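Notes follow the structure.
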Amino acid sequence: MTAAIHFDKVWKSYGHDVVLERIDLQVKAGEFVTVVGASGCGKTTFLRLLLGEEAPSRGHILMDGRPLPAEPGPDRGVVFQRYSVFPHMTVLGNVMAGLEFAAAPFTGRLLGRARRHARDEARDMLCAVGLEGALDKYPAELSGGMQQRLAIAQALVKRPRVLLLDEPFGALDPGIRKDMHALILDLWRRTGLTVFMITHDLKEGFYLGTRLLVFDKLRHDPHAPGAYGARITYDIPLGQTDRQVYEDIRTAIGVPESAPLSPQTPPHTEA
Amino acid sequence: MMSRGGPVRGTATGTGPDGERTRMKRLINRQPGRVGSVLLTALPFVGVLLAYGIASALRLAENPNDPLLPSLLTLGESFLRLATEENRRTGDILLWSDTAASLIRLGLGVGISALMGLIIGIVTGLIPVVHRTLSPFLVVLSMIPPLALLPILFIVFGVGELSKVMLIIFGVAPFLIRDLQQRVEQLPREQLIKAQTLGASTWQIILRVVLPQVMPRLLDATRLALGSAWLFLIAAEAIAATEGLGYRIFLVRRYLDMETILPYVVWITLLAFAFDLLLRVLTRRLFPWYRGGRAPA
Ligand SMILES: Nc1ncnc2c1ncn2[C@@H]1O[C@H](COP(=O)(O)OP(=O)(O)O)[C@@H](O)[C@H]1O
Ligand SMILES: [Mg+2]
């Protein structure tokens, strides 16, 4: 079986600055991959490679055995930390947009019965993320958590194969973040999506993922800080993490001591 | 009263329960009340009218035929005459025919500029190939002082309507194009990526993501450009025209005809104010999600 996503010795550099070096990775369909690493080590760059927004400097990325398209497309949905939704569209309009783009190439808008169909589908999606009460609001009227729910609904209505999340809950309060965790796990279980989620919260990474990737720079040249890039230093199937590994990662990516020490048992283990 | 001594009982500023003097609020924290606001707003207008009335009365007392500062009453009568009396020769009412001539030029010039700003601004801001081609060129173009082009415009397009409309376009289109281009470039990269992951084509991105978000900005920028548009209109009319608001005030200047000039200036100001208000109300009505161009929360 071919992997859903295959990084084949991928390098990424900007000019002389190497950001990622020799990334080798195979991810199966349906995995929930969480990505952690120190700030600025190249996590977002990794995601932009997956999006097709950036091309690898060396190596190849394959999706289902074929070269990854060189630009973003509807097979890969995305949610950023901010600015993921369109401020000039209502909640319903934001989710309908994806359906309208596909069905109305010239006007980008649907009318009549096709519009009602799209509206129903969008409404169902919004119910699934708990936004049924805010259909006609504009994003500026929503809380941060609700905006991220909207961004998720907007991405999922296109039924992508892969969902890419770049610190999607990083700006949210802890209580709301818990609700979002429950939501994303529920959606992931129901859709069988392949998920890549970047987080700066190591505990979140352990809790949500079925697999954890740690990006880290192993080599440093003090005279040429850009000479070496980050690599995947840990690639751990989750569910049986031992305490020592967690501690090692915590010190490697510089999470403060006060962060919760023991990884919780991930919710997938019993499933 | 503003002394920093200990508690002073019984002063006009009063004392708080803990004996500390309740100071007057800082100037930056003092808001005028409802009535106060109206009075304060009216103050400079009333002041100017009053100053004019006194100056005019003083001059007229010296010489009742002094043309420079006609009394307010005379000006009012003159305005009425300009706005109601038909010209014996042509049958036109002067103020209205001048206003129509000027507004057609202004409307064409500003309208075409706004359209250019929208179309060229969006494609230069969004499409790298066009950006490379046009962006530096537009920067240079916008450096040309438009009034210096006026003689060329008269030579090339003649002294008819076209040259006046062209001057307005040369005067405000580069500003509108660059403003819209910048606005497009300021759209968060995340939004454009998101649209692509929703399957949008370049055309659909322009139509459904970029255009609606820069439309309110276009109205805003057009509002700002109207001031210079008036300037270029009046300059062009002053030099070569047969009718128009700018033409009229420069024509009668030779006769020191303040009874015509002052009502015209007030009328032009009123028109400019009305357009400004109209565009502002339109922006608020049409784009309820737009908050003065500030980034979304
Ligand atoms: N377009 C770019 N041009 C040059 N350098 C870049 C570009 N994008 C990212 N970088 C650099 O790549 C490094 C990794 O950035 P990023 O992937 O955003 O890190 P992270 O998401 O892990 O915080 C940073 O040092 C950043 O300066
Ligand atoms: Mg990042």
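The values are calculated or read from the model by the stated rules, or taken from the named source; none is laboratory data. Being a predicted model, the structure only gives us computed values, none of them experimental. Cβ atoms come from the backbone with ideal geometry, glycine included; neighbour counts cover every protein chain shown. Just the protein is used for accessible areas: all its heavy atoms, side chains included, with ligands, DNA and RNA removed. Shrake-Rupley method; radii C 1.70, N 1.55, O 1.52, S 1.80 Å.
Step through the table entries A:12/B:194; A:217/B:194; A:28/A:158; A:137/A:158, compare each Cα-Cα distance with 24 Å, and write down the pairs that go over it.
A:217/B:194
Using the heavy atoms of the protein chains alone and a 1.4 angstrom probe, what is the accessible area of the protein assembly as shown per residue in square angstrom?
52 Å²
State the three equivalent ellipsoid semi-axes of segment A:1-58, derived from the C-alpha gyration tensor as the square roots of 5 times its eigenvalues, in descending order and whole Å.
Each semi-axis is the square root of five times an eigenvalue, giving 20, 14, 10 Å.
Cα gyration tensor of segment A:1-119, axes a ≥ b ≥ c as square roots of the eigenvalues: rounded (a/c below 1.5), prolate (a/b > b/c) or oblate?
prolate
If one takes the accessible area of chain A alone plus chain B alone and subtracts that of the pair, with a 1.4 Å probe, what total in Å², rounded to the nearest 100, results?
On the way: alone 13660 and 18840 Å², together 29760 Å².
Rounded to the nearest hundred, the buried surface is 2700 Å².
Give, rounded to the nearest 20 debye, the magnitude of the charge dipole that chain B has about its Cα centre when Lys and Arg contribute +1 at Cβ and Asp and Glu contribute -1 at Cβ.
That gives a dipole near 1520 debye.
Looking at segment B:161-297, what % of the alpha carbon pairs are farther apart than 21 Å?
Summing the P(r) tail past 21 Å for segment B:161-297 gives 56 percent.
Calculate, in whole percent, how much of the Cα-Cα pair population of chain B lies beyond 23 Å.
Working: 30707 of 43956 pairs.
Taking all Cα-Cα pairs of chain B, the fraction more than 23 Å apart is 70 percent.
Just grab the label-to-label distance for residue A:39 and residue A:11, each label 7 Å out from Cα along the Cβ direction, in nm (one decimal).
Taking the simple label geometry, residue A:39 and residue A:11 are separated by 2.9 nm.
Please give the calculated 222 nm ellipticity per residue for chain B, where each DSSP H segment of at least 4 residues contributes -39500 (n - 2.57) and the sum is spread over every residue; nearest 500 deg cm²/dmol?
The per-residue figure over chain B is -23500 deg cm²/dmol.
Out of the total accessible area of the protein assembly as shown (probe 1.4 Å, heavy atoms of protein only), what percent is carbon and sulfur? Walk me through the numbers on the way to the answer.
Details: 18020 of 29760 Å².
That share works out to 61 percent.
Tell me, what is the FRET efficiency for residue A:186 and residue A:251 to the nearest 0.05, using R0 = 30 angstrom and their Cβ-Cβ distance as r? Write out the running numbers ahead of the final one.
Numbers: r = 33 Å, r/R0 = 1.10.
Result of the calculation: an efficiency of 0.35.
Are there chymotrypsin sites (Phe, Trp or Tyr not before Pro) in segment A:55-146 that DSSP marks as loop and that have at most 11 other Cβ atoms within 10 Å, and which are they? Working shown, then result.
Details: sites: A:80, A:83, A:101, A:106; in loops: A:80, A:83, A:106.
In loop regions of segment A:55-146 (DSSP not H, G, I, E or B), the sparsely surrounded chymotrypsin sites (Phe, Trp or Tyr not before Pro) are A:106.
What would the Debye equation give as log₁₀ I(q)/I(0) for segment B:58-100 at q = 0.14, 0.19, 0.31 Å⁻¹, counting only Cα atoms as equal point scatterers?
Scattering profile of segment B:58-100, log10 relative to I(0): -0.45, -0.66, -0.99.
Given the Cα atoms of the protein assembly as shown, and with Rh set as the inverse mean 1/r over their pairs in the Kirkwood sense, what is Rg to Rh to two decimals?
That ratio is 1.13, to two decimals.
What ranking, highest mean first, results for peptides A:221-233, B:34-46, B:54-66 when packing means the other Cβ atoms within 10 Å averaged over each residue?
Packing order, densest peptide first, comes out as A:221-233, B:54-66, B:34-46.
Out of all Cα-Cα pairs in chain A, roughly what percent, to the nearest whole number, are more than 34 Å apart?
Working: 7808 of 36585 pairs.
In whole percent, the share of Cα-Cα pairs in chain A beyond 34 Å is 21.
Where both partners of a DSSP beta bridge lie in the protein assembly as shown, what percent of those bridges are antiparallel, to the nearest 5? Can you show the working numbers first?
Working: 22 of 41 bridges.
Within the protein assembly as shown, antiparallel bridges account for around 55 percent of the total.
By the scheme Lys and Arg +1, Asp and Glu -1, what is the net charge of all other residues having a beta-carbon under 10 Å from that of residue A:80?
Every neighbour counted, the sum reads 0.
Sum up the charges of everything whose Cβ sits under 12 Å from the Cβ of residue B:176, counting Lys and Arg as +1 and Asp and Glu as -1, but leave residue B:176 out.
Here the charged neighbours net out to +2.
Karplus couplings for segment B:207-224 from phi (6.51 cos²θ - 1.76 cosθ + 1.60, θ = phi - 60°), rounded to Hz, Gly and Pro as x?
My calculation for segment B:207-224 gives 5, 10, 10, 7, 3, x, 7, 9, 4, x, 5, 4, 4, 4, 5, 4, 4, 5 Hz in order.
Considering amide H positions built from the backbone, and no H for Pro or chain starts, which residues 5 or more places from residue A:23, or on another chain, come under 5 Å of its amide H?
For residue A:23, the qualifying residues are A:10, A:11.
Let me see the pair-distance distribution of segment B:97-231: every alpha carbon pair, 5 Å bin width, integer percents in order.
Spelled out bin by bin, segment B:97-231 gives 2, 10, 18, 20, 17, 13, 9, 6, 3, 2, 0, 0 percent.
Scan segment A:7-104 for trypsin sites (Lys or Arg not before Pro) in coil per DSSP, keeping those whose Cβ has at most 14 other Cβ atoms within 10 Å, and list them by number.
The qualifying sites are A:28.
Using 7 Å Cα-to-Cβ label points, what is the residue A:132/residue B:148 separation (nm, one decimal)?
Once both label points are built, they end up 6.7 nm from each other.
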